[in-house]
Amino acid sequence: MSDTQTESQPSVISKGSLVDMTDHSGRAPSANGNAPTSGLVRKVTLKIPIHIFIPIAALVAIAIATILFAWLVLTLPSNQAPAVAMIMALNVLAAATYAARRSRVNVLTAVELGVLILYPLLIAVVLANLGITQVRDEAEATAAAALARQAATTAAAPAAAAPVEVVADNLAFDTDELAIPADRDATIEFDNQDQAPHNLSIYENDTLKKSFFKGDTVELGESITYAVGELAPGAYYFQCDIHPSMNGRLTAE
């Protein structure tokens, strides 16, 4: 053994790995245990198994895309949303089929598939921003309001009055006093049980200068429903134009 003994370099074994704790000058760690300012340093790396990371990332991406797509579809009019959703679904199926038939999908192919899938959304966004859907919604709202007003007017209009019955027999009406509601569509059911033809007409008075209604002639044994229409409140004169002696007073009230 020589007089000069070679000084061994200190080493530390940690978790089965031998790590050189000296720097290039051959100095050992300081007394306080701090690592030297230079030398080999252990690298700590967090590794996640790829078979766990990829499904989780895919689920998160699908959830985000689904929420955004649902929000966009809900902002579209009801007559356009189903069409956009259907086109979107067909595009996703087409893109998946295209990708499955290729042995390798590069970046360019992935971009093309993304454009194929997303272009219906781009069209929907453009339509919404241009206000086309808003104009259609306003037109539909206007049409619905018009229908509502028409329905309200129809409901508020007075119903047709019950028909008034008149019978002709033995060259006479069965009554010389008739009453109908004023300002409402009135009808008269005329039954001719006589052996002669008759009719019923309405005039302002017995001068017959102003006529409000002239009924068709009804042959013997037949009947008819006269649509008199609306008459203003007041008293009127009615008669059979074939036999003027058959007459009476009609009151609209």
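The values are calculated or read from the model by the stated rules, or taken from the named source; none is laboratory data. As the structure is a computational prediction, the values presented were derived from the model and not from experiment. Here the Cβ is made from the backbone with ideal geometry for all residues, glycine too, and neighbour counts use every protein chain on show.
Just a few scattered comments:
- Restricting the stretch 207-224 to residues that are assigned to a loop (DSSP other than H, G, I, E, B) and of a type in the set (S, T, N, Q) leaves a set whose member that is surrounded by the most Cβ atoms within 10 Å (Cβ to Cβ) is T217.
- Against the conditions (1) closer than 30 Å to A141 by Cα; (2) modelled with pLDDT under 75; (3) surrounded by 15 or more Cβ atoms within 10 Å (Cβ to Cβ), L118 satisfies every one except (1).
- Residue match in the stretch 227-240 (condition: assigned to a strand (DSSP E or B), without any contact (Cβ under 8 Å) to a residue 24 or more places away in the chain and aromatic (F, W, Y)): no
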